[in-house]
Amino acid sequence: MRRRVWTAIALLAFGYTLLPALPVEAGYGAIAWDRESGKAGWVWNQPTPRKAAEMALSQCGATGCKVIIHTATRQCAALASTENGRYIGAAARKAQDEARLAALTDCQKGKAGECVVRASDCNK
């Protein structure tokens, strides 16, 4: 009986080595923004928080860009701004609609024009 148990364990272990490597769950995001130029960049579903920040800063494309929102696995975020991008609102929430509403509300506080959601998504 013991031998059968060990044989079964050995076969299961061997079977797992034959499976292709599963991708790491990509669940980090970031939003970057530059106050002077109004430029912004955002990414979702990156493998690490650092990679998400680097990519958001890269997409932002201005020297003054700073990460203003970090998101984790299964978290949503949104960025709202005026047309020129100088006034923004950003938020992270569990649900995408909640993030969008919070970002719009935050943007309206510095109201200098109509605020519109520019980016919104959720991590896996």
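Of note:
- Linear extension gain, VAL116 paired with ASP97, 0.36 nm per residue minus alpha-carbon span: 5.5 nm
- The simple spin-label model puts a point 7 Å past each Cα toward its Cβ; for LYS66 and LYS124 those points are separated by 3.3 nm.
- The fewest-to-most ranking of GLU36, GLU83 by surrounding Cβ atoms within 10 Å reads GLU36, GLU83.
- Pairs of Cα atoms nearer than 8 Å and 6+ residues apart set the relative contact order; for the range 23-124 it is 27 percent.
- Note on the range 43-104: percent of Cα-Cα distances in each 10 Å bin, starting at 0 and stopping at the bin with the largest distance, equals 23, 50, 26, 1.
Just so you know, all these numbers are worked out from the coordinates, no wet-lab data involved. Everything numeric here is computed off the predicted structure, so don't read it as measured data. Glycine also receives a Cβ, built like all others from the backbone with ideal geometry; neighbour counts cover every protein chain displayed.
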